[in-house]
Every structure is written in structure tokens, then in C-alpha cells.
Amino acid sequence: MAFTPRCERLGYGGGYYDRLIARFAQRPPLVAAAFALQICTQIPLDANDQRVDTVATENSLFCAIATT
């Protein structure tokens, strides 16, 4: 699993969490705990990939900027 500073996430490729998150009627805040070595500048994404709202590492806190 990997994340970007924009709170994009890369899982194991099955899309399970992306489908689960998309089904929420009211999406709860999503916070991911990660190690700093899991933060990448860029990861491969597709249209179904869901971001988390915050990624917390031992060194940093990354928060996604809401867009409307």
C-alpha cells in the first residue's frame, strides 16, 4: 500500500475498499496510518480509486483539499 501527499491511495489491486467507500450514503472521514516510506510523489490511479481525507505518518500529517 502507498499514498501520495494528496491523500491518494494504492492498495493491493482488488478494488474492495474503493467499492466499499463509494457505497456510503454519507461518507465518514477516512484517516490512514502509514509509515513515511509509504508516501510516494505519484502512484498509478484510475477513475474508481477513492482518496482518504488524511494520511498520518510518524513524521507528517497530510490532509486532502476538498474540491467541489
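The values are calculated or read from the model by the stated rules, or taken from the named source; none is laboratory data. As the structure is a computational prediction, the values presented were derived from the model and not from experiment. In this analysis, Cβ positions are derived from the backbone assuming ideal geometry, glycine residues included, and neighbour counts consider all displayed protein chains. Keep in mind that these areas ignore ligands, DNA and RNA; they rest on the heavy atoms of the full protein, side chains included. Shrake-Rupley method; radii C 1.70, N 1.55, O 1.52, S 1.80 Å.
Inside region 7-42, residues that are surrounded by 15 or more Cβ atoms within 10 Å (Cβ to Cβ) and within 24 Å of Glu58 (Cβ to Cβ) make up a count of 10.
Determine whether Ile65 is in contact with an Asp or Glu (Cβ under 8 Å, 6 or more places away or on another chain), assigned to a loop (DSSP other than H, G, I, E, B) and either open to solvent by 40 Å² or more (accessible area, probe 1.4 Å) or among the β-branched types (Val, Ile, Thr) (or both). Taking the combined requirement at face value, the residue does not satisfy it. Scanning region 47-57 for residues that are at pLDDT below 95 and either open to solvent by 90 Å² or more (accessible area, probe 1.4 Å) or polar (S, T, N, Q) (or both) returns Ala47, Asn48, Gln50, Arg51.
When region 8-26 is filtered for residues that are over 12 Å from the mean Cα position of the chain (by Cα), assigned to a loop (DSSP other than H, G, I, E, B) and farther than 14 Å from Ala47 by Cβ, the ones remaining, listed by number, are Tyr12, Gly13, Gly14, Phe24, Ala25, Gln26.
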